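Colleague: I'd like to ask you about the structure that follows.
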Amino acid sequence: MLSKSRYTRGLNCPKSLWLYAHKREMQRISESTQAIFARGTSVGELAQHYFPNGKMAVLEDFPGYTSAKRTQEFIQQGIETIYEATFIYQNTLVAVDILLKLKGKWYMFEVKSTNSVKPEHIKDVAIQYFVVTGSGPELEDAFLMHFNRDYVRHGDLEIDKLFLPENVREPILQLQADIPGNIKSLLQTLKEPEPEIAMGKQCISPYECDFTNYCLELWPQEKETVELSNKAEVMQNEIREFVANVEYPLCYLDFETLMPGVPMFDESRPYQQIPFQYSLHVQNEKDGEIRHCSYLAENNLNIDPRKNLIPQLIWETQNAKTIFVYNIAFERTRINEMIRDFTRYASELEHINERLVDLIIPFRKGYYSMESMEGSSSIKKVLPALCPELSYEELEIRDGMTASNTFLDLYYCDDQERVSQTREHLLKYCHLDTLAMVKIFEVLKKV
Ligand code: SF4
């Protein structure tokens, strides 16, 4: 039997469906995918408050025949709001997040923890619509409920404002004719030997496939072992001018952010990036001593991380004439959002914005390029080329997304030892981000 997720998995790559059914032990679910699933489940539960007092059709962990039977019983009993309403048709089982009867007509709602409708959501709702209308009540309309990106939290969550139902009937109707054929072919795939499918775009889009490791081993990519030279092409005059324009005292700044779908704090919106940490290296004069300071918010749900971060940042950067960041758009956007959300600090934050200077410029403009940077100006390419002794490899946290998810998890962690260990890892990671900038600028100064 297929389920909604098996059907969409199979549409994306029949081999992935086959492996899921026959070689599940080879599946590797990354931490970020696990976090996405966990978020999806809790958002689904939250959305039930949009249509309260419904009956839950699924009693076990996963929907199955019993849930389908309970759904039929609820419909016969005249229940008008059913959560996880389960239906089976043409060997395919689906559970609709919310099935609602209004003035005698049925409507289905699928909940997604995103800020908009994505193409993959349409395939997802289309199979549900097909199974429900094939085996259950006729549907008047089908909606996808996602976050309302313009919702700003003030106090308690307002569920009716947080979610935005969007009518998706038209696009899903266009897919209906293909569904019986798709089901037939996917069921056939399951009966046959492992399909041979070359790796491609489907392995990373719309999600990273959880069998990537397995397929990579099977068809190891011939990695080109081209030695990339570290010979530098340097436009001396441009770099010297860039360096000469830097005024002291000088700071190097980097933010880490968390981006919860459901706004956790007042004055924040779905998936808004909330700075919770920064690292700052400070040098008062050219060739002077460099000191480090940092901020890492308490993982306390009652305290907005920005409340203490902003005044400390203003205080610690007050004397700087230049504030280096790497790729200015990110920090500038965060500061502009803090100006909007914390108007009492607007002028001081504006003053920080005025002093930001982008250290990426010499690399983006090609003033300093090396073959080993592979045409990229990203710090992850520039740093190993210029300062091979500095590396993220030995750190537990090596990228911003992991830092973000890790900090989010701390809000719900009771293990104090784990909390303090993780906070150490976060501090080390963010520290390296600004230390990298210090070292890169040192190289530029020597040109
Ligand atoms: S890694 Fe790619 S080819 Fe392999 S099962 Fe997944 S999507 Fe299919």
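Colleague: Taking the alpha-carbon distance from residue 231 and a cut-off under 27 Å, which lysines remain once sequence neighbours fewer than 8 residues away in the same chain are dropped?
Modeller: Correct list for residue 231: 223, 365, 380, 381, 439, 445, 446.
Colleague: Residue separation times 0.36 nm, minus the C-alpha to C-alpha distance between residue 327 and residue 446: what's the value?
Modeller: 40.6 nm
Colleague: State the Cα centre-to-centre distance between the stretch 153-219 and the stretch 245-296 in whole Å.
Modeller: Taking the Cα centre of each part, the stretch 153-219 and the stretch 245-296 sit 37 Å apart.
Colleague: What nm value, rounded to one decimal, do you get for the distance between residue 354 and residue 105 when each label is placed 7 Å out toward the C-beta?
Modeller: About 5.8 nm, to one decimal.
Colleague: Mind jotting down a quarter of the surface of the convex hull over the alpha carbons of the stretch 156-307, in square nanometres, one decimal?
Modeller: Directional mean of the projected Cα hull area for the stretch 156-307 stands at 19.4 nm².
Colleague: Can you list the trypsin sites (Lys or Arg not before Pro) in the stretch 130-229 that are in a DSSP coil and have 15 or fewer other beta carbons within 10 angstrom?
Modeller: 149, 223
Colleague: Under a crude label model (7 Å from the Cα following the beta-carbon direction), how far is residue 53 from residue 417 in nanometres?
Modeller: The answer from the label model is 5.0 nm.
Colleague: Sticking with this structure for a sec: What is the order of 413, 13, 430, 251, fewest Cβ neighbours within 10 Å to most?
Modeller: Fewest to most other Cβ atoms nearby, the residues stand as 413, 13, 430, 251.
Colleague: Okay, next question. Give me the aspartates and glutamates in straight-line cross-link reach of residue 321: C-alpha distance below 20 Å, same-chain residues under 8 apart excluded.
Modeller: Answer for residue 321, where 20 Å is the Cα cut-off: 241, 247, 254, 285, 287, 289, 331, 348, 350, 354, 358, 442, listed by chain and number.
Colleague: How much length is gained if the chain between residue 286 and residue 21 is pulled fully straight, taking 0.36 nm per residue apart and subtracting their Cα-Cα distance, in nm to one decimal?
Modeller: 89.1 nm
Colleague: Now for a separate question. Contact order normalised by length for the chain, with contacts defined as Cα pairs under 8 Å and 6 or more residues apart; what percent is it?
Modeller: 13 percent
Colleague: Run the Debye formula on the Cα coordinates of the chain, all scatterers equal and no solvent, and tell me log10 I(q)/I(0) at q = 0.08, 0.09, 0.11, 0.12 1/Å.
Modeller: -0.62, -0.76, -1.02, -1.12
Colleague: So, R0 is 22 Å and r is the distance between the beta-carbons of residue 66 and residue 175; what FRET efficiency does that work out to, to 0.05?
Modeller: For residue 66 and residue 175, the calculated efficiency is 0.15.
Colleague: Here's another thing I want to ask about it. Run a plain Debye calculation on the stretch 232-445 (Cα atoms as equal point scatterers, no solvent) and give log10 I(q)/I(0) at q = 0.15 Å⁻¹, rounded to two decimals, same order as the q list.
Modeller: Log10 I(q)/I(0), no solvent term: -1.00.
Colleague: Then there is this: If the cut-off is a Cα-Cα distance under 24 Å, which lysines reach residue 4, setting aside same-chain residues fewer than 8 apart in sequence?
Modeller: In chain and number order, the partners are 15, 23, 55, 69, 101, 105, 112, 118, 123, 184, 191, 201.
Colleague: For residue 231 and residue 374 in one chain, what is 0.36 nm times their gap in residues minus the Cα-Cα distance, to one decimal in nm?
Modeller: Contour length minus the Cα-Cα distance gives 50.3 nm.
Colleague: Could you estimate the translational diffusion coefficient of the stretch 2-218 from the Stokes-Einstein equation, with Rh from the Kirkwood formula over C-alpha pairs, at 4 °C and 1.567 mPa s, in whole µm²/s?
Modeller: It comes out at roughly 70 µm²/s.
Colleague: Let me ask something additional. Using DSSP to call loops (not H, G, I, E or B), can you name the trypsin sites (Lys or Arg not before Pro) in the stretch 276-307 whose Cβ has at most 16 other Cβ atoms within 10 angstrom?
Modeller: 286
Colleague: Where the centre of each part is set by its Cα atoms, how far does the stretch 352-427 sit from the stretch 80-111, in angstrom?
Modeller: Computed from Cα coordinates, the inter-centre distance equals 45 Å.
All of the numbers you see were taken from the coordinates with simple rules; none came from a lab. None of these values were measured; they are calculated from a predicted model. All Cβ positions, even for glycine, are placed from backbone atoms using ideal geometry, and neighbour counts span all protein chains on display.
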